[in-house]
1. Among the residues of the stretch 473-484, what is the count of those that are surrounded by fewer than 14 Cβ atoms within 10 Å (Cβ to Cβ) and either touching a residue at least 24 places away in the same chain (Cβ under 8 Å) or part of a strand (DSSP E or B) (or both)?
2. Report those helices (runs of 4 or more DSSP H) wholly inside the stretch 98-204 carrying at least 1 residues which are farther than 30 Å from Glu368 by Cα, in contact (Cβ under 8 Å) with a residue 24 or more places away in the chain and of a type in the set (Val, Ile, Thr).
3. Quick one: in the stretch 280-302, which of the residues that are over 20 Å from His619 (Cβ atoms) and among the aliphatic types (A, V, I, L, M) is surrounded by the fewest Cβ atoms within 10 Å (Cβ to Cβ)?
4. When the residues of the stretch 69-92 are narrowed to those that are without any contact (Cβ under 8 Å) to a residue 40 or more places away in the chain and among the hydrophobic types (A, V, I, L, M, F, W, C), which ends up surrounded by the most Cβ atoms within 10 Å (Cβ to Cβ)?
5. Give the number of residues within the stretch 205-248 that are under 30 Å from Lys616 (Cβ atoms) and either in contact with a Pro (Cβ under 6 Å, 6 or more places away or on another chain) or part of a helix (DSSP H, G or I) (or both).
6. Determine if the stretch 176-197 includes at least one residue that is in contact with a helix residue (DSSP H, G or I) (Cβ under 9 Å, 6 or more places away or on another chain), among the hydrophobic types (A, V, I, L, M, F, W, C) and within 29 Å of Leu317 (Cα to Cα).
7. Could we say that Ala264 is touching a His at 6+ places or on another chain (Cβ under 8 Å) and small (Gly, Ala, Ser) here?
8. Can you find a residue that is over 25 Å from the mean Cα position of the chain (by Cα), assigned to a loop (DSSP other than H, G, I, E, B) and modelled with pLDDT of 95 or more anywhere in the stretch 59-67?
Amino acid sequence: MAAGPVNAAAVGRIRLVDGVPHRDGRPFFSVGCNYHPSRTGCDYWREWDPQALDADFRAMAALGFNTVRFFVFWSDFEPEEGRYDPVMTERLRELARLAHRHGLLCLPSLLTIWMNGQLFDPPWRRGRDLWHDADMAERQRAFVHHIAASLHAEPNIFAYDLGDEVIHVDPAASATVDPAGARAWWALLANAVRAADPGTLVLQANEGSAVFGRHAFRPEHAEPLDLVGLHGFPVWTPFGIEAVSAPKATSYLPHLVRRGRAHAPVYVDEMGSYGCDEATAAGYLRAAAHSAFAAGAVGTAVWCWQDFTTERKPYALRPGERLVGLLDAAGRQKPAMAEYRAFARRVTTGELAGFRPLPAEVGIFLPERTAGPESGYLAGPEAASGAGETAAFVADLLLQQAHLPHEFLGRTGPEPGRHTLVVCPSVRQLSLADRRRLERYVEAGGVLLYTTGDLLGGAGDEHLFGIRIKDFTRRSADQDRIGWAGVDLPVEWPPGPIPVIDAAGAEVLAAYPGGAPALTRHRRGRGTAYYLNAPLEERLGAPYRLEEAPWHRLYAAIAEAHGIRPALSADDPRVETTVLERGPERCGVVINHAPLPVRTVLRRAGTAERLTLEAKGVHLVRWRTAAQAPAAAAPHDPEGIPA
């Protein structure tokens, strides 16, 4: 984390207080955009036009933005190995001062080599490995130090991004970096930045593969950084998102935020949509931005400021990238701009300013990643397919649909006394250390819902779950549905052996058509362990599966059985209800993730309110804890609800 003496120019800079950015002692939420000038695109350092930058920054400030993210193209600033261009360095300072003139903070992305799917490589690199070549490591260290030293006197630096999606400069090389190597690379560069600009914040931005990919540049290894930069677009995910307007789409970005927040504060450095019309893009941005904020993001930057008139690299090869601005090429505000302006006002000076997520009573625990090249056939094909990441996403969705406040857990696992319920979804492999963490949690009084992902997912845990693996079958019809609590839930198994279990001390709550236990409950110590013999979450990731049955009721019923009732809920599972806090104040962020209007009923502390939400609509509910009644089961008779 950031260390060292604070320089005089850093007065007014951003500081982290309990993971929340503060400026001048007050909470600060960054709202901004990613920026290249429309006319010059990625060539703006060489085709310098300070008047254009000044006009754009003035417009950003007038629209309510407080941050601009821009890109330091390495080839422009270090055209020859070891020689920095003084003209470019002075232009960098001028850009920061132009932004400061209009009250904007700067988020410079260093080591920019990769942009819109193409390389902007320093010619002298000659393909050398950024992670394994000692000379290249030194060149990177020296470069980020040079840029931070050039900006250390500027008072308006929000943070330094070590480099946007640098892992894609050479995916084969970055894929061979292990967690220790990722930490060492981050530490080398972050410490170089801090040595040049003491007290500053450092992040490194990656797209969604930082959460669902197989490389090591992940939030759980980001101890050397102050923030984690994450971005995601619904068209590029492995999660079976059906459309930009689908509920999954606007729930994807907050999922990344919750995953990252288990390890570090998260800055959403890129957000927006591709492959849709302006109205769809506006609705997407409205719901996704509010949901990412409610999930705990510390800032957001939209991709991007304005459509491009330039036709040069990278737009000659990817012309669609020219048309994803908040402004069109002529400067007209697109519908998405109005939505982002409204969001910016709410989270900086309006109703949501200063609010943060409440501690969550429900946690999602993901097994430690252990698969590697030495795993061979034991890892199974699912290790490469990302089945565990799909299960994590769906568990997040099911808890959202059940209106249960939740969070992903860090490496240490669940905390007895804080997390009443922990969900461990569609487990394929659980290390001995993780098994013992879960055992200690249950024995101390916790409630565990464990769903198995394959034949061996629950083997060896008879003492915890009170079940044993009896055999396996390939007759899926024997275990293709669960009838429970008045709900018929179809179960789909992946190809391969299907585990058949026997109760060995556990209470059977639901059985399969063939008679084998499906859902069991076992008392262990002061706690309870539920075992669902089905890869529930993993198989619900396919398109449209979530719409087939109310699977979220399983989560809701187990939570309610153990006294967990949401402070705010709705009777439509597509409506998110997240409660935030600001001292004694509470604000419920109600988001319709559906692509059509919904009529729903909000329930809080025994009261009910009818509500109509437009497609991707957002509604806020405010109250104070002093006026809040004790949590109680909400009435379910709509006839008693005032019109």
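The values are calculated or read from the model by the stated rules, or taken from the named source; none is laboratory data. Keep in mind it's a predicted model, so treat the numbers as computed, not measured. Neighbour counts are summed over all protein chains in view; Cβ atoms, including those assigned to glycine, are modelled from backbone coordinates with ideal geometry.
1. So the answer is 4.
2. Once the helices (runs of 4 or more DSSP H) in the stretch 98-204 are filtered for at least 1 residues that are farther than 30 Å from Glu368 by Cα, in contact (Cβ under 8 Å) with a residue 24 or more places away in the chain and of a type in the set (Val, Ile, Thr), what remains is 134-151, 179-196.
3. Ala281
4. Among those residues, the one meeting the criterion is Phe70.
5. Residues flagged as under 30 Å from Lys616 (Cβ atoms) and either in contact with a Pro (Cβ under 6 Å, 6 or more places away or on another chain) or part of a helix (DSSP H, G or I) (or both) within the stretch 205-248 amount to 14.
6. no
7. Numbers: touching a His at 6+ places or on another chain (Cβ under 8 Å): no; small (Gly, Ala, Ser): yes.
So Ala264 fails the test.
8. The initial filter retains those residues of the stretch 59-67 that are over 25 Å from the mean Cα position of the chain (by Cα), namely 59-63.
Applying the additional criterion that residues be assigned to a loop (DSSP other than H, G, I, E, B) yields 63.
Pick out the ones that are also modelled with pLDDT of 95 or more and you get 63.
Scanning the stretch 59-67 turns up at least one residue that is over 25 Å from the mean Cα position of the chain (by Cα), assigned to a loop (DSSP other than H, G, I, E, B) and modelled with pLDDT of 95 or more.
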